[in-house]
1. Have a look at 64, 128, 77 and point out the one that is surrounded by fewer than 16 Cβ atoms within 10 Å (Cβ to Cβ) and either acidic (Asp, Glu) or closer than 19 Å to residue 9 by Cβ (or both).
2. Any residue in region 92-103 that is within 11 Å of the chain's Cα centre (by Cα), exposed (fewer than 14 other Cβ atoms within 10 Å of the Cβ) and modelled with pLDDT of 95 or more?
3. If residue 109 satisfies every condition in (1) surrounded by 13 or more Cβ atoms within 10 Å (Cβ to Cβ); (2) within 16 Å of the chain's Cα centre (by Cα) but one, which is the exception?
4. In region 94-111, which residues are touching a strand residue (DSSP E or B) at 6+ places or on another chain (Cβ under 9 Å) and either part of a loop (DSSP other than H, G, I, E, B) or over 22 Å from residue 50 (Cβ atoms) (or both)?
5. Exactly one condition in (1) on the phi < 0 side of the Ramachandran plot; (2) small (Gly, Ala, Ser); (3) out of contact with any helix residue (DSSP H, G or I) (no Cβ under 7 Å at 6 or more places or on another chain) is false for residue 99; which is it?
6. Looking only at region 2-44, count how many residues are assigned to a helix (DSSP H, G or I) and either small (Gly, Ala, Ser) or closer than 13 Å to residue 100 by Cβ (or both).
7. Could you go through region 104-113 and let me know if any residue there is out of contact with any helix residue (DSSP H, G or I) (no Cβ under 9 Å at 6 or more places or on another chain), among the β-branched types (Val, Ile, Thr), at pLDDT 95 or above and closer than 24 Å to residue 46 by Cα.
8. Identify the residue in region 45-87 that is part of a loop (DSSP other than H, G, I, E, B) and acidic (Asp, Glu) and, among all such residues, is nearest to the chain's Cα centre (by Cα).
Amino acid sequence: MSNPNKQKGTAWERAVRHFLNAALGQYVDHWKDAAYPWRDPHDPDNITRPAQTGAKDMGDLHARPFVIECKAEKSIRLADYVRQANKEATNAGFPYGVAVVKAPRRRVEDAYAVMDLVTFALVLEALRSADQNGGIPC
């Protein structure tokens, strides 16, 4: 990969994927030293980088039920990122798009997860519905 911006973007996608999988318990303990990081490689809750096929981009990461668009750029354009995340979520058949934007000179966990208010309302409605059905403790 000779394009430095592409390398930076790929490294950011990888960092976000690893952080989320580790934070959500999808990786084995001490996964950085393990030959294989997954607890269960077939778990649909693993955060994965989809193979890009065809003309329609399906996002940088899949974190069921979200498509994540990872951005690590000097100038931040939130509206563009959210629009792109929503379009790619539709392309991938996922209900929600979210952009994960790198905070300059900060750690991965300090990144911003950004969505539009319509998406937030849909997520809030789904969480409340799951809570009413005994799915999510609030």
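The values are calculated or read from the model by the stated rules, or taken from the named source; none is laboratory data. This one's a predicted model, so the numbers in the text were calculated from it and none came from an experiment. Heads up, the Cβs are rebuilt from the backbone with ideal geometry, glycines too, and the neighbour counts pull from every protein chain shown.
1. Values: 64 fails: either acidic (Asp, Glu) or closer than 19 Å to residue 9 by Cβ (or both); 128 fails: either acidic (Asp, Glu) or closer than 19 Å to residue 9 by Cβ (or both).
Exactly one residue qualifies, and that residue is 77.
2. Here is the first cut: in region 92-103, the residues within 11 Å of the chain's Cα centre (by Cα) are 96-101.
Narrowing the set further to residues that are exposed (fewer than 14 other Cβ atoms within 10 Å of the Cβ) leaves none.
No, the conditions are met nowhere in region 92-103.
3. Condition (1) is where residue 109 drops out.
4. 94, 95, 102, 103, 111
5. With respect to (1) on the phi < 0 side of the Ramachandran plot; (2) small (Gly, Ala, Ser); (3) out of contact with any helix residue (DSSP H, G or I) (no Cβ under 7 Å at 6 or more places or on another chain), residue 99 is out only on (3).
6. Looking only at region 2-44, we keep the residues that are assigned to a helix (DSSP H, G or I), and these are 4-23.
Add one more test, that the residue is either small (Gly, Ala, Ser) or closer than 13 Å to residue 100 by Cβ (or both), and what stays is 9, 11-20, 22-23.
Final tally of qualifying residues: 13.
7. No, region 104-113 has no match at all.
8. Of the residues in region 45-87, the ones part of a loop (DSSP other than H, G, I, E, B) are 45-47, 49-60, 64-65, 72-77.
Restricting the remaining residues to those that are acidic (Asp, Glu) gives 45, 57, 60, 73.
Values: 45: 12, 57: 14, 60: 7, 73: 16 Å.
Taking the candidates together, the pick is 60.
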